[in-house]
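The block underneath contains the structure these notes are about, expressed in structure tokens.
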Amino acid sequence: MFDLYTSPTPNGWKASCTLEELGLAYVVKPVNLMKQEQKTPDFLAMNPNGRIPVIKNTQSEEVVFESGAIMIYLAELTGQLLPTSGPKRYEVLQWLMFQMGGVGPMMGQANVFFRYFPEKIPAAIDRYQNESQRLLSVLDQHLSDKEFLCEEFSIADIANWCWARTHEWSGVDISEMAHLKRWINTMHAREGCYKGIKVPGKVDPADIVKSGKTLIV
Ligand SMILES: N[C@@H](CCC(=O)N[C@@H](CS)C(=O)NCC(=O)O)C(=O)O
């Protein structure tokens, strides 16, 4: 069993989608970012960086922060969604790192300057939107001859999808990226991914009963 400290954001969804895809039982601990709950002493004791997501294995008491590390941890625990060795493993890790070091930070900054920053700085907005678009076009190109980013569906797909699907919020146009759009839809149709992006949030109690999970929302 796991406790998932999260909010409705792409990095939070990376953890919830992975848990859902792996069919792992977890309790959602919503963290209100507006109320700065991620900066309380209790939270900082789990993640000194004061950011979601954080996961706690309630059996072993292990705590993991950084969404990419959480995904690797869960994949290794179950032996799924990440090959255990060899070139196929590094292929998945390479596309996971592509999201962690590129897509996430660039789209995150595009959101800051396009949506939240009180001063509108066109050069900063352009820089982050253009770089986000360039990175998404790399994904689009890579997906031109394959269903998923690597040989099989993996944590790399979940990580990149959780960000790519929010391109509109970042003000990034993907209308010319047919392969990316097809993949976004394929991912959305997966039961685990679809459920994962609803966490935390209002959920149908019938779904909770069906999945056997406890959701504290
Ligand atoms: N590299 C981190 C980034 C985590 C992150 O930026 N989380 C955001 C939400 S998506 C957050 O907690 N923001 C609150 C804050 O900055 O105080 C990860 O991948 O887990």
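Taking residues in segment 70-87 that are over 17 Å from LYS56 (Cβ atoms), and partners anywhere that are surrounded by fewer than 18 Cβ atoms within 10 Å (Cβ to Cβ) and of a type in the set (D, E, K, R), the pairs with Cβ atoms closer than 7 Å and at least 6 places apart or on different chains are LEU82/GLU76; LEU82/ARG89; PRO83/ARG89. All of GLN94, GLN109, GLN99 fail the test of being polar (S, T, N, Q) and within 14 Å of GLY171 (Cα to Cα), apart from GLN109. Beta carbons closer than 6 Å, at least 6 apart along the sequence or on distinct chains, pair a first residue in segment 88-107 that is farther than 14 Å from SER67 by Cβ with a second that is more than 13 Å from the ligand (Cβ to nearest atom) and of a type in the set (Asp, Glu) for MET106/GLU131. For ARG51, the criteria (1) more than 15 Å from the ligand (Cβ to nearest atom); (2) assigned to a loop (DSSP other than H, G, I, E, B); (3) under 25 Å from ARG165 (Cα atoms) hold in every case but one, which is (1).
So, in segment 22-41, of the ones that are open to solvent by less than 50 Å² (accessible area, probe 1.4 Å) and either assigned to a strand (DSSP E or B) or without any contact (Cβ under 8 Å) to a residue 60 or more places away in the chain (or both), which residue ends up nearest to the ligand (Cβ to nearest atom)?
Going through the qualifying residues, I end up with GLN38.
Among the residues here, VAL63 does not qualify as free of Cβ contacts under 8 Å to residues at least 60 places away in the same chain, surrounded by 20 or more Cβ atoms within 10 Å (Cβ to Cβ) and within 16 Å of the ligand (Cβ to nearest atom).
Listed by position, the helices (runs of 4 or more DSSP H) enclosed by segment 70-157 that each have at least 3 residues that are open to solvent by 10 Å² or more (accessible area, probe 1.4 Å) and among the small types (Gly, Ala, Ser) are 122-142. Being among the charged types (D, E, K, R) and within 16 Å of the ligand (Cβ to nearest atom) is a property that holds for ARG115.
Only one residue in LEU19, LEU44 is more than 8 Å from the ligand (Cβ to nearest atom), in a helix (DSSP H, G or I) and surrounded by fewer than 17 Cβ atoms within 10 Å (Cβ to Cβ), so which one is that? Unique residue meeting the criteria: LEU44.
The values are calculated or read from the model by the stated rules, or taken from the named source; none is laboratory data. Source: prediction; values computed, not measured. FYI the Cβ positions are ideal-geometry reconstructions off the backbone, even for glycines, and counts take in every protein chain you see. These area figures cover heavy atoms from the full protein model, side chains too; ligands, DNA and RNA do not enter into them. Shrake-Rupley method; radii C 1.70, N 1.55, O 1.52, S 1.80 Å.
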